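Read through the structure below, which is laid out as structure tokens, and then see the notes.
The values are calculated or read from the model by the stated rules, or taken from the named source; none is laboratory data. All values derive from a computational prediction rather than experimental measurement. Backbone-built Cβ (ideal geometry, glycine too); neighbour counts: all protein chains shown.
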Protein chains: 2
Amino acid sequence: MDSDANIPGSAKPTINDIARLSGVSKKTVSRVINRSPLLNEETRKRVDDIIRETGYVPNPQARALALRRNFLIGLVHDNPNAQMVLGMQQGILSVLKGTEYELIVRPVDRGSTTLVADVRSFLERQRLHGVVLLPPISEDDGLARLCDELGCRYVRMGSAELDDAAHMVASNDQDVVHEAVSYLIGVGHRRIGIITGPTGFRSAWERRQGFERALADAGIAVDPALVVEGSYRFESGLGAASKLLDCSPRPTAIFASNDEMASGALHAARRLGLDVPADLSIIGFDDTAIAAHIWPPLTTVRWPIVEMGKAAARKLLAGTIDAQPEVPGEALFLSQLIHRASVAPPK
Amino acid sequence: MDSDANIPGSAKPTINDIARLSGVSKKTVSRVINRSPLLNEETRKRVDDIIRETGYVPNPQARALALRRNFLIGLVHDNPNAQMVLGMQQGILSVLKGTEYELIVRPVDRGSTTLVADVRSFLERQRLHGVVLLPPISEDDGLARLCDELGCRYVRMGSAELDDAAHMVASNDQDVVHEAVSYLIGVGHRRIGIITGPTGFRSAWERRQGFERALADAGIAVDPALVVEGSYRFESGLGAASKLLDCSPRPTAIFASNDEMASGALHAARRLGLDVPADLSIIGFDDTAIAAHIWPPLTTVRWPIVEMGKAAARKLLAGTIDAQPEVPGEALFLSQLIHRASVAPPK
DNA sequence: TTGTATGCGTTATCAC
DNA sequence: GTGATAACGCATACAA
């Protein structure tokens, strides 16, 4: 397919070439490109044919300048966990594929006092079509207001519904943890420990709430000694689990707020010569690659992260000519408990 | 800091505003922005002051249109493995941080017959400053030529030096695998199996070469039955290892061409009731999160992937005003063997 | 050393 | 329905 068929010098055709070749004005070509409704179907077709013949593609830079808006989607995050960033990227990109939109990745530093200012200058400069905000910075209402102020569409991803459906892609962390812990209780566990995520993370709070609610619903009091905070990292899981396993009586099960810490807990158990799941049951959260590949395979919670990425992109594209049918109620995504081999009844 | 200080209506200042405020022409302002050498130091300073006062930032869209070149770096890949994509991203972004460049991620499908055409239209449309090509598509010389033709800078990442230093960021896979296998031989192993990567991947070939060279150097013949191909996925590692462990006499050590397959091999050993490392030694490749978190912690090869990402970005930025000092000879990156607990002398 | 005129490729305005 | 003309904000060629 020679896309430069009618253009001498092999320069890429511009809107002017199309206008000349099809005997209409630039503006009319522009109308065809942008699917203007008030257009004679006949001229529409003629121009469209020329466009196809020449392989003309509008120049994104020129459009961006004229429209004061880029055809770019931003992924703004603070590197929470690799699995999440990559999964979201994958979901977003799969929706963007075939459209005129591209993905631009922008890590930020949530510790920085200039976070909002940084994002502001980024958005002002790049004039993005929209952004996806990942946790934990997605929990910052200031950023959402900033997007509104700058006229930049946004979708927040999070562990709870902290915005309206058009701006939110949420998972039901609290409920699924409730289910997981209830399952532990169901097979007979009574002393259950939790390794929480770090204070300040909404996901940490939601998961802990699910844990406590499950205990409460079963009439079990929460023993403060069985609640230890972690940082979502392997070492913190190792340390927290060691602490938990020092308690007496020892807990017979541990819910770790993510897989990495769960795998740390597994190591802690092994150091003490404890068999998992015979002596200690463990449930994680995330269903990362680790979960299925460690021994024993980890019972954990699977987050439909890629689907959430797709939903986020669809929300951002809503109303454009690249819009895809949006599934109604596509704001809340249900995580599910994946049963593997790290849970057994207590001895 | 009110960046709209002197601008009524709070519109962002343009080059015209700066020119007016500092009493010079647009062109002079443009020269200041682009660090033109032939400039009166005095006017330079005056304009610079105004720029700082107003918080003026040149509009990237307008620059892109005028320069026919965007301030964007592309990461083009075919989703080889999550660790690699993310590591490269991290490295690239850390170099791009603070510059005017942004990162745009573009997954492609190497199976598609239109791969080159797809990349071409992507590059033609986006007018990127440069691209980073990840394996396995980085091994495609056609893509490199395409970049040259389109005047798009590029850097290829790979397991061997398949381009000149300015366009290549390579790791020494063959040598480090030679080292790893020699180490196995050194502690006494004689029957060593290998789970290779899929045919057609340069990395697979390099690693296998390293394996065979190490055996040859030790005067050990390669037993074809001890060479099994995998797909770089967990299941293939499980299957390949099962095959290897079926041989008699059984191999006492296995080199798996990546961690995911190594972890599959670990599961295969466990199924047979074999103890690692007492009955079977295993070495992986990648040093992914899995490696340190499985049991026993996996001896593996660490790839300086983030550093390679940084180097790639630095090469792409060379010659720009955002250029960073480039370490000489920054084309070959040395992987290293990470000793953990999955290797022991044979019984 | 600095300024003027013009172009980059598209969209918006407002006529016809 | 369609078209001439002026933005959009910056850079380049060529003068001065």
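Quick notes
- Segments classed as helices (runs of 4 or more DSSP H), wholly inside segment B:209-320, with at least 1 members that are over 20 Å from B:Q174 (Cα atoms) and away from every other protein chain (no Cβ under 14 Å): B:234-246, B:305-317
- One residue stands out among those in segment B:83-102 that are more than 9 Å from chain A (Cβ to nearest Cβ) and surrounded by fewer than 20 Cβ atoms within 10 Å (Cβ to Cβ): the one that is modelled with the lowest pLDDT, which is B:G98.
- Boolean, A:S121 is of a type in the set (G, A, S), loosely packed, with under 15 Cβ neighbours inside 10 Å, within 16 Å of DNA strand D (Cβ to nearest atom) and in the same structural domain as A:A311 (by TED's automatic domain parsing): yes
- The one condition in (1) touching a strand residue (DSSP E or B) at 6+ places or on another chain (Cβ under 7 Å); (2) surrounded by fewer than 22 Cβ atoms within 10 Å (Cβ to Cβ) that B:D287 fails to fulfil: (2)
- Some residue of segment A:153-165 being within 17 Å of A:L337 (Cβ to Cβ), among the basic types (K, R) and modelled with pLDDT of 95 or more: no
- Subset of segment B:43-89 (residues that are near DNA strand C (Cβ under 10 Å from one of its atoms), within 23 Å of A:E124 (Cβ to Cβ) and touching a residue at least 40 places away in the same chain (Cβ under 8 Å)): B:A64
- The requirement of being out of contact with any Gly (no Cβ under 8 Å at 6 or more places or on another chain), within 28 Å of A:F333 (Cα to Cα) and assigned to a helix (DSSP H, G or I) is fulfilled nowhere in segment A:59-79; no residue meets it.
- Search result, residues across segment B:103-150 that are within 13 Å of chain A (Cβ to nearest Cβ), outside any helix (DSSP H, G or I) and small (G, A, S): B:S112
- Every pair of residues 6+ apart whose Cβ atoms lie under 6 Å, when the first sits in segment B:11-23 and is within 14 Å of another protein chain (Cβ to nearest Cβ) while the second is within 7 Å of DNA strand D (Cβ to nearest atom) and basic (K, R): B:I15/B:K26
- Residues of segment B:35-58 that are within 12 Å of DNA strand D (Cβ to nearest atom), farther than 18 Å from B:P13 by Cα and part of a helix (DSSP H, G or I): none at all.
- Those residues of segment B:65-100 which are small (G, A, S) and within 23 Å of A:R69 (Cα to Cα), in sequence order: B:A66, B:G74, B:G98
- In segment B:59-82, residue surrounded by the most Cβ atoms within 10 Å (Cβ to Cβ) [restricted to those that are more than 10 Å from DNA strand D (Cβ to nearest atom) and among the aliphatic types (A, V, I, L, M)]: B:I73
- In segment A:299-337, residue farthest from the chain's Cα centre (by Cα) [restricted to those that are over 27 Å from A:T99 (Cβ atoms) and surrounded by 17 or more Cβ atoms within 10 Å (Cβ to Cβ)]: A:T299
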